[in-house]
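The values are calculated or read from the model by the stated rules, or taken from the named source; none is laboratory data. What you see is a predicted model, and the numbers here were worked out from it, not measured in a lab. Cβ: placed from backbone, ideal geometry, glycine included. Neighbour counts: every protein chain shown. Only protein heavy atoms, including side chains, enter the accessible area calculation; ligands, DNA and RNA are left aside. Shrake-Rupley method; radii C 1.70, N 1.55, O 1.52, S 1.80 Å.
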Amino acid sequence: MAPTIASVDTSRDFPASTTVVIIGGGIIGLTAALTLAERGVPVVVLEKGRLAGEQSSRNLGWIRKTSRHGEDVPLALAADRLWANMAERTGSDVGYRPSGIMFLSRTPEQLAVHESWLKSVSDLSLDSRLMSARDIDQHAPGGRGQWAGGILTASDGYAEPTLASSAIARAAIARGAVIVEHCAVRNLVRTGGRVSGVVTERGEISCDQVLLAGGLWSRRFLGNIGISLPTLPLILSVFRTHSMKGPTDSAVGGPDFSFRKHRDGGFIVTQRGALDAPLTFDHLLVGSKYLSSLRSQWGLLKMSLGKHFWRDLALSRRWKQGRSPFERVRTMDPPVNEKFNNDALRNLATAWPVFENATIEQSWAGMFDVTPDSNPVIDAVPGVPGLTLATGFSGHGFGTSPAAGQLAADLVMNEAPIISPTPYRFGRF
């Protein structure tokens, strides 16, 4: 069962023309829309299903700098500043809590990874610090895990995915943005080679710029116009416990579990050491680009050739003005891997006995798109003037979404970017 998303009163109709059309009503597209609306730029957001109905509401809600690639940290730092002001900016509580994130290591080899990362970002003045086993016990008492150590970034934290996107959408609407749900974009309109509008299932909209923020659907949309974006799918299974007292208000990531406090008093938990990796036809097309990351993450991935392969294969890869695949699948709702969830709860209870009596109140799964280097693409699309891309966030886009959406808006309007967009260029693949 998918998480319950806070409601938003969206539009039924859209104008015949606007300045910017955003394809995708996830948190990246919505933050870009809010940024544009605040600047007085007419913008229309088109979502094939429900706002934040896919990974934007199904993620863990973590907002972290820890363990990000060094080149990705400036975006996370910018996002921290924007998250801190998000409640005031939107007029709504988004559940933001900068209560820290702590990662744990069972072995010296695991701890060495954190040590290496900390050295690699030593020039960025982060508040991250290594933790001893005693430090861990003081920060999250009552445990019985045998830890070699860990790392804590006190300024990391989390927000509530079921609240944040909705709050951002409502704020964008209040500033003049038009947001339409259940309206898929089928194709682009081009005049003289330049984007001049979009074709939707309800008709056309003329525009000057298009931002594609379609998450795992962006590859298929671009493929229809002859552009290959290397992304592949992964599935994360998650559950929420009943309201209970836990060891800490910080989010905690162990080798085979993670948890963080939920606003209702329970905990959001996942098996951090396991992801479902359903094979698709795209693995044959772009899989060679992932060989390096596959070698380093082989133990985390459960690869399978099953129903998702055939369902994905049945969806069109090329179409003209007829019904698009985005109308056939409004919401990607993958099955929960209950084994992963049960393993996570058992592993967590082994580390902190307070979780031995925890019960699973709700479980869900989310599918997200991963790039070969796990960094997103936020860039103009080569060869298609007027089209900008913000996608491929590889399961950690929620945390950087305020800054990522603003960066996308900056690029769309050719304004000074919030941070350097160089790490996110399309051509790096």
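A compact table of results
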{"read-out": "Residue within the stretch 232-240 that is in contact with a Gly (Cβ under 7 Å, 6 or more places away or on another chain), at pLDDT 95 or above, surrounded by 17 or more Cβ atoms within 10 Å (Cβ to Cβ) and among the basic types (Lys, Arg) present", "value": "yes"}
{"read-out": "Considering residues of the stretch 278-309 that are of a type in the set (S, T, N, Q) and under 28 Å from Glu338 (Cβ atoms) only, the residue surrounded by the most Cβ atoms within 10 Å (Cβ to Cβ)", "value": "Thr280"}
{"read-out": "Qualifying positions in the stretch 191-211 - surrounded by fewer than 16 Cβ atoms within 10 Å (Cβ to Cβ), more than 25 Å from Gly53 (Cα to Cα) and either of a type in the set (A, V, I, L, M, F, W, C) or free of Cβ contacts under 8 Å to residues at least 12 places away in the same chain (or both)", "value": "Thr191, Gly192"}
{"read-out": "Some residue of the stretch 93-108 being hydrophobic (A, V, I, L, M, F, W, C) and surrounded by fewer than 16 Cβ atoms within 10 Å (Cβ to Cβ)", "value": "no"}
{"read-out": "Count of residues meeting criterion [open to solvent by less than 100 Å² (accessible area, probe 1.4 Å) and either modelled with pLDDT of 95 or more or touching a Gly at 6+ places or on another chain (Cβ under 6 Å) (or both)] in the stretch 320-332", "value": "8"}
{"read-out": "Matching helices (runs of 4 or more DSSP H) fully within the stretch 1-91 where at least 3 residues are open to solvent by 20 Å² or more (accessible area, probe 1.4 Å)", "value": "73-84, 86-90"}
{"read-out": "Within the stretch 353-406, tally of residues that are surrounded by fewer than 19 Cβ atoms within 10 Å (Cβ to Cβ) and over 27 Å from Phe259 (Cα atoms)", "value": "4"}
{"read-out": "The stretch 284-295 residues that are modelled with pLDDT under 90, paired with ones that are open to solvent by less than 90 Å² (accessible area, probe 1.4 Å) and among the polar types (S, T, N, Q) (beta carbon under 9 Å, 6 or more apart)", "value": "Ser293/Ser374"}
{"read-out": "Close pairs from the stretch 245-264: first under 14 Å from Asp156 (Cβ atoms), partner open to solvent by less than 10 Å² (accessible area, probe 1.4 Å) and in a loop (DSSP other than H, G, I, E, B), Cβ under 6 Å, at least 6 apart", "value": "Thr248/Ala140; Ser250/Gly100"}
{"read-out": "Among the candidates Ala2, Ala52, Ala37, residue that is in contact with a helix residue (DSSP H, G or I) (Cβ under 8 Å, 6 or more places away or on another chain), over 24 Å from Val377 (Cβ atoms) and hydrophobic (A, V, I, L, M, F, W, C)", "value": "Ala2"}
{"read-out": "Tally of residues being closer than 22 Å to Gln297 by Cα and in a helix (DSSP H, G or I) across the stretch 107-127", "value": "13"}
{"read-out": "In the stretch 158-192, the residues that are part of a helix (DSSP H, G or I) and of a type in the set (D, E, K, R)", "value": "Arg170"}
